Amino acid sequence: MVIYSDSPNNRAIAIPRNDVEIPLTPDEYRRMEETEQERHEYADGRIIIMPGGSEVHSRITVDITTFLNLALRDSSFETYNSDLRIWIPSLNHGTYADIFVIGGSPEFNHNRTDEVLNPLLIIEVLSPSTEKYDRGDKFRKYRSLPSFIEYVLVAQDELYVEQYSKQHGEKNNVWQLEIYDQIEQSVIFHSINVEIPMKEIYRRTKFS
């Protein structure tokens with residue numbers, strides 16, 4: 001159990017190793033994140049501990065990020081990782097994505113340089129502990145962001161990628177699904193006009 005002391009009023013908050021029941025304000029949460037080694041999501045007052053990744057998860061994330069950094073080097077797009085938090089104002093929710101891309105300049109929440117509002121493309125590398133959430137509630141929350149138009153889920157235990165693209169001109173939040181499961185295929189990120197071969201995504205990954 002971690003004890004977090006909120007300095008303005010010296011209120012101590014006990015944080016167990018599961019969902020926290022004591023509601024925190026957004027500012028209390030942010031101060032906590034600045035000192036905690038583990039990362040947490042903020043869900044309208046509730047704190048949720050985010051599980052750690054694996055070596056394979058890290059390897060895939062790094063390889064995709066490296067590819068995108070090179071592909072977007074001379075463009076108006078920029079790639080970010082989980083060092084920055086994504087804030088969803090309509091839900092009073094803060095979370096982290098494995099990889100995301102912003103077009104143009106990042107929009108910071110209340111001038112906080114660690115919290116952005118305008119991801120265009122979000123990529124999550126799936127883990128057994130987070131896959132259900134990434135496919136369901138997290139995707140639903142991301143869709144509350146006006147800038148967000150493309151979502152990519154990358155499996156780490158098999159050659160498999162799902163891509164959801166928001167359809168232009170649709171008022172009903174319609175998303176098109178494309179599936180990639182062959183090594184000779186390439187994933188086309190429509191939002192940034194970049195094509196990444198599956199062999200680059202899984203270039204250092206060996207499946208049992």
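Every number in this text was worked out from the coordinates using simple rules, so none of it is lab data. Bear in mind that the values here come from a model prediction, so they are computed numbers and not experimental data. Backbone-built Cβ (ideal geometry, glycine too); neighbour counts: all protein chains shown.
Here the gap between Ile183 and Glu38, fully extended at 0.36 nm per residue and compared with their Cα-Cα distance, gives a gain of 48.7 nm.
Please say if the stretch 61-106 is rounded, prolate or oblate, where rounded means a/c under 1.5 for a ≥ b ≥ c the square roots of the C-alpha gyration tensor eigenvalues, and otherwise the choice is prolate for a/b larger than b/c and oblate otherwise? Numbers along the way, then the final one.
Numbers: a/c = 3.96, a/b = 1.68, b/c = 2.36.
Taking the square roots of the gyration eigenvalues as a ≥ b ≥ c, the stretch 61-106 is oblate.
Scoring 138-146, 176-184 by mean Cβ neighbours within 10 Å over their residues and listing the highest first yields 138-146, 176-184.
Is the stretch 79-125 best put as rounded, prolate or oblate by its Cα gyration tensor, with a ≥ b ≥ c the root eigenvalues, rounded for a/c under 1.5, and otherwise prolate when a/b is larger than b/c, oblate when not? Note, shape of the stretch 79-125 comes out oblate.
Multiplying the residue separation of His168 and Arg73 by 0.36 nm and subtracting their alpha-carbon distance yields 31.6 nm. Of the residues Thr66, Gln167, Ile179, the one whose Cα sits farthest toward the positive end of the charge dipole of the stretch 55-201, with +1 on the Cβ of Lys and Arg and -1 on the Cβ of Asp and Glu, is Gln167. Placing +1 on the Cβ of every Lys and Arg and -1 on the Cβ of every Asp and Glu, with nothing else charged, gives the chain a dipole about its Cα centre of roughly 160 debye.
For the chain, the longest principal axis of the C-alpha atoms and the axis of helix 55-71 are separated by about 70°. By how many degrees, 0 to 90 and rounded to 10, does the Cα axis of helix 26-35 deviate from the longest principal axis of the chain? The angle comes out at about 80 degrees.
Student exercise: in the stretch 55-201, how many lysine pairs 8 or more apart or on different chains have Cα atoms under 23 Å apart?
Eligible lysine pairs with Cα atoms under 23 Å apart amount to 6.
A P(r) calculated from all alpha carbon pairs of the chain, with 5 Å bins opening at zero, reads 1, 6, 15, 18, 19, 16, 11, 7, 4, 2, 0, 0 percent.
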